[in-house]
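One structure is given here, and the rest of the page talks about it.
The values are calculated or read from the model by the stated rules, or taken from the named source; none is laboratory data. Note that the coordinates shown come from a computational prediction; the quantities given were computed from them, not determined experimentally. Using ideal geometry, Cβ is built from the backbone for each residue, glycine included, and neighbour counts are taken over all protein chains shown. Heads up: the accessible areas ignore ligands, DNA and RNA and are worked out on the full protein's heavy atoms, side chains in. Shrake-Rupley method; radii C 1.70, N 1.55, O 1.52, S 1.80 Å.
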Amino acid sequence: MSLPTARMTQMANAIRALSMDAVQAANSGHPGMPMGMADVATVLWSEYLRHDPKAPDWADRDRFVLSAGHGSMLIYSLLHLSGYARPTMDDIRNFRQLGSPCAGHPENFLLDGVECTTGPLGQGLAMAVGMAMAERHLNAVFGSDLVDHRTWVVAGDGCLMEGINHEAIGLAGHLKLGQMNVLWDDNRITIDGDTDLSTSENIKARYEATGWHVTECDGHDFADIRRAIDEAIADERPSLIACRTVIGKGAPNKQGGHNVHGAPLGADEVSAAREYLGWTAEPFVVPDDILTDWRSTADRGAQAHGEWRTRLDNDSDLRTRFEEQMAGIGNQASAALENYIRDLAANPRTVATRKASEMALGPLTEKLPQLIGGSADLTGSNNTKTASTTPFSADDYSGRYVYYGIREFGMAAAMNGMALHGGVAPYGGTFLIFSDYCRNAIRLSALQQINVTYVLTHDSIGLGEDGPTHQPIEQIMSMRLIPNLNVYRPCDTIETAECWALALEAPKTPAVLALSRQNLPQLRGEGDADWTAATNRSAKGAYRLKAAEATRKVVLVATGSEVAVAMDCASQLEARGIGADVVSMPCMELFAAQDAAYRADVLPADVLKVSIEAGVTQGWERFVGNDGITIGIDRFGASAPAEQLFEKFGLVADAIVPQITKKLNG
Ligand SMILES: Cc1ncc(C[n+]2csc(CCOP(=O)(O)OP(=O)(O)O)c2C)c(N)n1
Ligand SMILES: [Mg+2]
């Protein structure tokens, strides 16, 4: 049921007033987009979006993604007006100020109802693809009574222009994600000016070509907006609705121009807009009748939520299963791996860590229904598919393996969307070198505090013949620069399984698993016959794998494939009477978080420390100190068999040990 146009207009003007006033008060922000999309958003939120402001985490709510994150005042206004507990009017008054949940761009961890952090253009839409995938999967598993919701996106010209858009809509079209609808703020303006300056693309034709339904509407005509949304809902394909809008609509002298995109209107124009819109209320005041209209829009969702709850309560078995799925992995990964690791302790295996990862994923995917794997067209190389994971496809959404195609950035963003949606735990693979292709999405996993696992194989020159374009040099260390991201580089089968357990059991921290192409000897096993989560030695990030036999003069600290090299060095040193510890450091971040006593015990101050890692040395000084030795590769690699490259770049005991003895003697 629709309200009369005059009342709808007032509701939309409330968004306009809050947006221009908040930006004016902050003296920074973006009034143009919220003012331009106010009418579309009012129709969507008041008549279509299925949500319950009193229960923002209702599992079967529609997801709303403001991909054009610069228009953050749009979502803050909508949340406040429709009755979410936050933001309060004070929060809005403090838009962009320290401590306000109304941050410059929407942050998922600051406000309920903000489904994802947006601002990096294009990624919101691409995350929405993942949300829609998660929705279809859970629908296939639990049925339409429990899971049947839509994913709505508001995107701007910028979101559609970014390269990731191509990856995202290609995936959504292929997977026939008909529950996904994108409302494009087709205002033909970006920061620099008219879109004519930089593009003449036929966007609608591009969407149609990737399997989308496309329609358009006058974004300031409520009836036409409804017509277009109804059409989108009726169509089985994902839909793009091109909403023709005027940026900054309501600011009489500035609307339609690029200057209204990202700067306060100014006091004069704010007054002129008040007059133009007939908005007489003071800043940050919404007249009661308008607020009442807005608040009453929540009744629809509250009722739907109540009915859903009744359906959930009808079947207690299904309810238990559903709630367990939605609760996430918790600490069940370790339990799933116990027997597997104990068996490895008895029966060591020399395999590449990418293979070890596949072996660990066997019991993990068998026992944890939340896990949804995939790869960006490197399934056989990343070893990401297991017997329990059948393909996720338009014909069968119950599958748990996604063929993402050659879309690394799209994959990473989709995984973020899946994790944000909840009920699924995504992991996906590509080569470590191509982490750079999806880096900003990895960063957003970390910023958004979500659990996504990146399976990044071929982690060094050890990949050999493919050469320097494929050999990561700076990637591992540069991944470690991202806050709240755990970068694991395990050295053997057991560490790989331990790192998987740690990766999956950190609900607010994403993980990178850097895995070797080449075979590595199993170094662990001693003491692991009764392995449990409590004996997971990787949990402290670094530990003494081998203690010095002769008087300790050196501590060798290494990661991944170079731990075996460190073991070789230690044997040579011990043979000369020089005691050497070997420390395996599968996760720098976890080690850095240990207390000082533990760190000092593993890496004592008064002993020569030597790091060995087949990547840039920069950063290792933190652990070996100014007097230590950092062995690594500070140049691009080369094409050759792996063993020859390790020789050439000096990552073998014969090259390393003389440097250590020289230092000890000097
Ligand atoms: C990846 C990325 N590049 C650049 C920016 C900076 N930026 C923010 S908004 C914007 C223009 C976007 O134009 P449009 O989506 O049409 O928004 P409108 O001006 O219509 O509000 C740019 C370049 C960004 N936020 N993200
Ligand atoms: Mg625009």
**OP:** Would you point out the residue of segment 191-223, among those that are touching a residue at least 24 places away in the same chain (Cβ under 8 Å), within 15 Å of ligand 1 (Cβ to nearest atom) and part of a helix (DSSP H, G or I), that is farthest from Lys254 (Cα to Cα)?
**Re:** Ile203
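For Arg227, state whether it is part of a helix (DSSP H, G or I), open to solvent by less than 60 Å² (accessible area, probe 1.4 Å) and either at pLDDT 95 or above or of a type outside the set (D, E, K, R) (or both).
Values: part of a helix (DSSP H, G or I): yes; open to solvent by less than 60 Å² (accessible area, probe 1.4 Å): no; either at pLDDT 95 or above or of a type outside the set (D, E, K, R) (or both): yes.
No, not satisfied.
Is it fair to say Gln471 is at negative phi and over 21 Å from the mean Cα position of the chain (by Cα)?
Details: at negative phi: yes; over 21 Å from the mean Cα position of the chain (by Cα): yes.
Taking the combined requirement at face value, the residue satisfies it.
I'd like to check something: does segment 387-406 contain any residue that is in a helix (DSSP H, G or I) and either aliphatic (A, V, I, L, M) or more than 18 Å from the chain's Cα centre (by Cα) (or both)? Steps first, answer last, please.
Step one: list which residues in segment 387-406 are in a helix (DSSP H, G or I), which gives none.
Looking for residues that are in a helix (DSSP H, G or I) and either aliphatic (A, V, I, L, M) or more than 18 Å from the chain's Cα centre (by Cα) (or both), one finds none in segment 387-406, hence no.
Determine whether Ser460 is over 18 Å from the mean Cα position of the chain (by Cα), open to solvent by 10 Å² or more (accessible area, probe 1.4 Å) and modelled with pLDDT of 95 or more.
No.
Just checking, how many residues over segment 253-271 are assigned to a helix (DSSP H, G or I) and open to solvent by less than 30 Å² (accessible area, probe 1.4 Å)? Outline the logic, then answer.
Here is the first cut: in segment 253-271, the residues assigned to a helix (DSSP H, G or I) are 258-260, 267-271.
Cutting the leftovers down to open to solvent by less than 30 Å² (accessible area, probe 1.4 Å) gives us 260, 269-270.
Result for segment 253-271: 3.
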Subject >> Complete set of residues in segment 337-357 that are surrounded by fewer than 23 Cβ atoms within 10 Å (Cβ to Cβ) and out of contact with any strand residue (DSSP E or B) (no Cβ under 7 Å at 6 or more places or on another chain) >> reply: Glu338, Asn339, Tyr340, Arg342, Asp343, Ala346, Asn347, Arg349, Lys355
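Quick check, is Thr379 of a type outside the set (A, V, I, L, M), modelled with pLDDT of 95 or more and in contact with a helix residue (DSSP H, G or I) (Cβ under 7 Å, 6 or more places away or on another chain)?
Values: of a type outside the set (A, V, I, L, M): yes; modelled with pLDDT of 95 or more: yes; in contact with a helix residue (DSSP H, G or I) (Cβ under 7 Å, 6 or more places away or on another chain): no.
Here the answer is no, as Thr379 does not meet what is asked.
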Original post:
Among (1) touching a strand residue (DSSP E or B) at 6+ places or on another chain (Cβ under 7 Å); (2) within 26 Å of Pro4 (Cα to Cα); (3) part of a loop (DSSP other than H, G, I, E, B), which single condition is Arg237 missing?
Top reply: (2)
**OP:** Would you check which residues across segment 20-40 are within 15 Å of ligand 2 (Cβ to nearest atom) and in a helix (DSSP H, G or I) and list them?
**Re:** Gly32, Met33, Pro34, Met35, Gly36, Met37, Ala38, Val40
Original post:
Which number in (1) within 16 Å of ligand 1 (Cβ to nearest atom); (2) among the hydrophobic types (A, V, I, L, M, F, W, C); (3) under 29 Å from Trp58 (Cα atoms); (4) open to solvent by 10 Å² or more (accessible area, probe 1.4 Å) marks the one condition that Ala140 misses?
Top reply: (1)
**OP:** Go through (1) under 17 Å from Ala41 (Cβ atoms); (2) of a type in the set (A, V, I, L, M, F, W, C); (3) within 11 Å of ligand 2 (Cβ to nearest atom); (4) over 21 Å from the mean Cα position of the chain (by Cα) one by one and return the number of the condition Ile189 breaks.
**Re:** (1)
**OP:** Please verify whether segment 534-547 includes one or more residues that are of a type in the set (Val, Ile, Thr) and crowded, with 20+ Cβ neighbours inside 10 Å.
**Re:** no
**OP:** For segment 192-233, enumerate the residues that are in contact with a helix residue (DSSP H, G or I) (Cβ under 7 Å, 6 or more places away or on another chain), closer than 30 Å to Arg7 by Cα and of a type in the set (Val, Ile, Thr).
**Re:** Val214, Thr215, Ile225, Ile229
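Could you tell me whether Arg86 is over 22 Å from Glu275 (Cα atoms) and either within 16 Å of ligand 1 (Cβ to nearest atom) or open to solvent by 10 Å² or more (accessible area, probe 1.4 Å) (or both)?
Values: over 22 Å from Glu275 (Cα atoms): yes; either within 16 Å of ligand 1 (Cβ to nearest atom) or open to solvent by 10 Å² or more (accessible area, probe 1.4 Å) (or both): yes.
It is true that Arg86 is over 22 Å from Glu275 (Cα atoms) and either within 16 Å of ligand 1 (Cβ to nearest atom) or open to solvent by 10 Å² or more (accessible area, probe 1.4 Å) (or both).
Here is a yes/no grid of residues against (1) touching a strand residue (DSSP E or B) at 6+ places or on another chain (Cβ under 9 Å); (2) in contact (Cβ under 8 Å) with a residue 12 or more places away in the chain; (3) farther than 30 Å from Asp112 by Cβ:
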| position | (1), (2), (3) |
| --- | --- |
| Thr386 | yes, yes, yes |
| Thr390 | yes, no, yes |
| Tyr397 | no, yes, no |
| Tyr403 | yes, yes, yes |
| Gly422 | no, yes, no |
| Pro426 | yes, yes, no |
| Ile442 | yes, yes, no |
| Leu456 | yes, yes, yes |
Original post:
Is one or more of the residues making up segment 367-384 open to solvent by 10 Å² or more (accessible area, probe 1.4 Å), farther than 29 Å from Glu474 by Cα and in a helix (DSSP H, G or I)?
Top reply: yes
**OP:** Would you check which residues across segment 158-190 are among the aliphatic types (A, V, I, L, M), within 8 Å of ligand 1 (Cβ to nearest atom) and surrounded by fewer than 24 Cβ atoms within 10 Å (Cβ to Cβ) and list them?
**Re:** Met161
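Consider segment 405-420. How many of its residues are of a type outside the set (A, V, I, L, M, F, W, C), open to solvent by less than 10 Å² (accessible area, probe 1.4 Å) and in contact with a strand residue (DSSP E or B) (Cβ under 9 Å, 6 or more places away or on another chain)? Step through it out loud before you land on a result.
Narrowing segment 405-420 to residues of a type outside the set (A, V, I, L, M, F, W, C): 405, 407-408, 410, 416-417.
Narrowing the set further to residues that are open to solvent by less than 10 Å² (accessible area, probe 1.4 Å) leaves 410, 416-417.
Within this subset, residues satisfying the condition of being in contact with a strand residue (DSSP E or B) (Cβ under 9 Å, 6 or more places away or on another chain) are 416-417.
Total meeting the criteria: 2.
So, Gln618, is that one under 30 Å from Trp500 (Cα atoms) and of a type in the set (S, T, N, Q) or not? Please lay out each step first, then the result.
Values: under 30 Å from Trp500 (Cα atoms): yes; of a type in the set (S, T, N, Q): yes.
Here the answer is yes, as Gln618 does meet what is asked.
Would you confirm, using the coordinates I've provided, whether Ala6 is open to solvent by 10 Å² or more (accessible area, probe 1.4 Å), free of Cβ contacts under 8 Å to residues at least 24 places away in the same chain and assigned to a helix (DSSP H, G or I)? Don't jump to the end; show me each part of the working.
Working: open to solvent by 10 Å² or more (accessible area, probe 1.4 Å): yes; free of Cβ contacts under 8 Å to residues at least 24 places away in the same chain: yes; assigned to a helix (DSSP H, G or I): yes.
It is true that Ala6 is open to solvent by 10 Å² or more (accessible area, probe 1.4 Å), free of Cβ contacts under 8 Å to residues at least 24 places away in the same chain and assigned to a helix (DSSP H, G or I).
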